[in-house]
1. So, in segment 115-140, of the ones that are small (G, A, S) and within 29 Å of L47 (Cβ to Cβ), which residue ends up most open to solvent (accessible area, probe 1.4 Å)?
2. Could you list, in sequence order, the residues of segment 90-108 that are hydrophobic (A, V, I, L, M, F, W, C) and more than 14 Å from the chain's Cα centre (by Cα)?
3. For Q66, indicate whether it is closer than 28 Å to Q169 by Cβ and surrounded by fewer than 17 Cβ atoms within 10 Å (Cβ to Cβ).
Amino acid sequence: VWVIDAEKDIRDFLIETLDMCGFTCRSFGNPLEAIATLQAGVKPEVLFTDMSMPEASGMDVLKAMQKADPDVPVIFVSGKLTRQDLTQALQHGLSGAIEKPFRTADIISTANMAAKKCRTMKLIDRATRMMLYHFATIEEHLQTSGQADKRKQMKSDLLALLASRREIQSYQKAQNQN
């Protein structure tokens, strides 16, 4: 989990809270440093960021994360969120927002749900790749063993899964271009 906030006290509190829950954390006081780390290919499982920082905004961080990996949840932790900011951020893939001052329980539950979402998306991608890799062998076996109906259903399900994933990726890509 990455925590990006110009205020050291906020960063330290979030890191300490998340560490106690078993998350491995990395802290950035400068959002440009976090963006450079993303561009170097290093990514978090979940990213918490302030919206208003001197060097760059939370929106800049969100856009950089979406380009690097749109499946990584980004959560704004800010005392200055406007409805317009939130609407714009949601259109760019924001996963959630917590207003300062925040409750510790909100941070923990949000981090747990966001990490679960990220792990689930990675698992779906891995399972899909594995199914594609092995489908030719499975398809041949089902066909030769007289299970053409199962083969047809499996192929249909796999194609539907791939179409859904492409649709999600296309949507994420369109959001990143706005």
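1. The first filter runs over segment 115-140 and keeps only residues small (G, A, S), leaving 115, 127, 136.
Among the residues that remain, those that are also within 29 Å of L47 (Cβ to Cβ) are: 115, 127.
Details: A115: 1, A127: 38 Å².
Filtering segment 115-140 for residues that are small (G, A, S) and within 29 Å of L47 (Cβ to Cβ), the one most open to solvent (accessible area, probe 1.4 Å) comes out as A127.
2. So the first thing to find is which residues in segment 90-108 are hydrophobic (A, V, I, L, M, F, W, C), and the list is 90, 94, 97-98, 102, 105, 107-108.
Hits for segment 90-108 are I98, F102, A105, I107, I108.
3. Numbers: closer than 28 Å to Q169 by Cβ: yes; surrounded by fewer than 17 Cβ atoms within 10 Å (Cβ to Cβ): no.
Considered against the rule, which asks whether it is closer than 28 Å to Q169 by Cβ and surrounded by fewer than 17 Cβ atoms within 10 Å (Cβ to Cβ), Q66 comes out as no.
The values are calculated or read from the model by the stated rules, or taken from the named source; none is laboratory data. Keep in mind it's a predicted model, so treat the numbers as computed, not measured. Cβ coordinates were reconstructed from backbone atoms using ideal geometry, including for glycine residues, and neighbour counts include every protein chain displayed. Accessible surface is based on the protein model in full, side chains and every heavy atom, while ligands, DNA and RNA are left aside. Shrake-Rupley method; radii C 1.70, N 1.55, O 1.52, S 1.80 Å.
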